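*Asks:* Take a look at the following structure, please.
The values are calculated or read from the model by the stated rules, or taken from the named source; none is laboratory data. Predicted model only: the values in this text are computed from it and were never measured. So basically every Cβ, Gly included, is an ideal-geometry build from the backbone, and we count neighbours across all protein chains shown.
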Amino acid sequence: MKSKTTQPLVSILTPYYNLGDLLIETVQSVLAQTYQNWELVVVDDCSPVCPAEAVLANFNDTRIKIFRHDQNLGNAAARNTAALHSNGQLLLPLDSDDLLAANYIAATLEVMLENEASAVHTDVQVFGMHNFVYKPSANLADIISGHYPHNTLLLKREVYDAVGGYKNIKAIVDTEFWISILEIGTKFAYLPEPLYFYRRHAASWSQNCQSLDAEFLKVLLLHLDSTKKHLPRMLEGMIRNTNSLNHASRPRDSRLESYEQLHGEFHSLLQRCEALEKKAHAAEQILASVPKSSRQLAYVALKKLGLRTNS
């Protein structure tokens, strides 16, 4: 491995609120990285108990920096504050209840350089209340249709700056961020290994599916052009997801019927729109030919009257 001075600095952005014991585990996973040129910027979002400074008092590593909000501003604001106080060419968001595999930074940086990419993501090992490997997607159509990305990726600071950082929304901040950076054409690379460990626990937003769905729809409203482009696929995904929840012995879910009806109406309108566009195009061609036809008729008439010669 190259010397530390020739390696790009990676700034790890960690928002924190009240999860003291879990924050210690998160920091330990950062200290265990095989890639050592990093800084960890922890932003305490005004925790009423277990302030980050007290929780991390025994970590005597100058690469760990701690800041605190005077009031609770939310996860997105804390990440943006961390980015503001960071110095790295590369950014890596990491929540205070999650973990990194020891080779996360080294492996993703290698893939980034090999592929000349501006962002890299990996598979996710979900643990805690549930245990499985999740495979995020950096395809915009997948995300719009409900295949949520995850919160950790290695990305160039210029990408973060180009979209103005994280939007200050209530939930699924990461989904909105990924949509934003994909819309500007960010080149992603993918490492199919579960190097990021996402903890599912009672306080996780992901435990409240109904709230997540509502917040996801709000995010789609912020990206109407992308949403309209991928609307048919999004509706098909909703139909499949709803259908999978319906057992054969249960009554047919009214939401499924609504989705199917909306999907059918959309395609019907799409067909009508295409037909109208064809008619409009044909009319334009006819109108475009009128001046030429008029000139030809005038020429013939003048010639017949002897007012026009061949010269």
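*Asks:* State whether one or more residues within region 157-171 are touching a residue at least 24 places away in the same chain (Cβ under 8 Å), under 30 Å from ALA106 (Cβ atoms) and under 11 Å from the mean Cα position of the chain (by Cα).
*Replies:* Within region 157-171 (the criterion being touching a residue at least 24 places away in the same chain (Cβ under 8 Å), under 30 Å from ALA106 (Cβ atoms) and under 11 Å from the mean Cα position of the chain (by Cα)), the answer is yes, since at least one residue qualifies.
*Asks:* Evaluate the following for ALA202: is it buried (at least 16 other Cβ atoms within 10 Å of the Cβ), small (Gly, Ala, Ser), in the same structural domain as LEU19 (by TED's automatic domain parsing) and modelled with pLDDT under 90?
*Replies:* no
*Asks:* Also: Which numbered condition in (1) modelled with pLDDT of 95 or more; (2) surrounded by 17 or more Cβ atoms within 10 Å (Cβ to Cβ); (3) farther than 17 Å from VAL163 by Cβ is the only one that ASN87 fails?
*Replies:* Going through the list (1) modelled with pLDDT of 95 or more; (2) surrounded by 17 or more Cβ atoms within 10 Å (Cβ to Cβ); (3) farther than 17 Å from VAL163 by Cβ, ASN87 breaks only (2).
*Asks:* Has region 102-109 got at least one residue that is in the same structural domain as ILE179 (by TED's automatic domain parsing), surrounded by 19 or more Cβ atoms within 10 Å (Cβ to Cβ), in contact (Cβ under 8 Å) with a residue 12 or more places away in the chain and within 19 Å of LEU23 (Cα to Cα)?
*Replies:* Yes: one or more hits.
*Asks:* How about region 66-84: which of its residues are surrounded by fewer than 16 Cβ atoms within 10 Å (Cβ to Cβ) and within 26 Å of LEU154 (Cβ to Cβ)?
*Replies:* Within region 66-84, LEU84 is the sole residue that qualifies.
*Asks:* Is it the case that VAL55 is β-branched (Val, Ile, Thr), at pLDDT 95 or above, touching a Leu at 6+ places or on another chain (Cβ under 8 Å) and surrounded by fewer than 20 Cβ atoms within 10 Å (Cβ to Cβ)?
*Replies:* no
*Asks:* Do you know which of the residues in region 27-52 that are part of a loop (DSSP other than H, G, I, E, B) and in contact with a His (Cβ under 6 Å, 6 or more places away or on another chain) is surrounded by the fewest Cβ atoms within 10 Å (Cβ to Cβ)?
*Replies:* The first filter runs over region 27-52 and keeps only residues part of a loop (DSSP other than H, G, I, E, B), leaving 32-37, 45-51.
Imposing the further condition that a residue be in contact with a His (Cβ under 6 Å, 6 or more places away or on another chain) reduces the set to 45-46.
Values: ASP45: 22, CYS46: 15.
Checking each candidate, the answer is CYS46.
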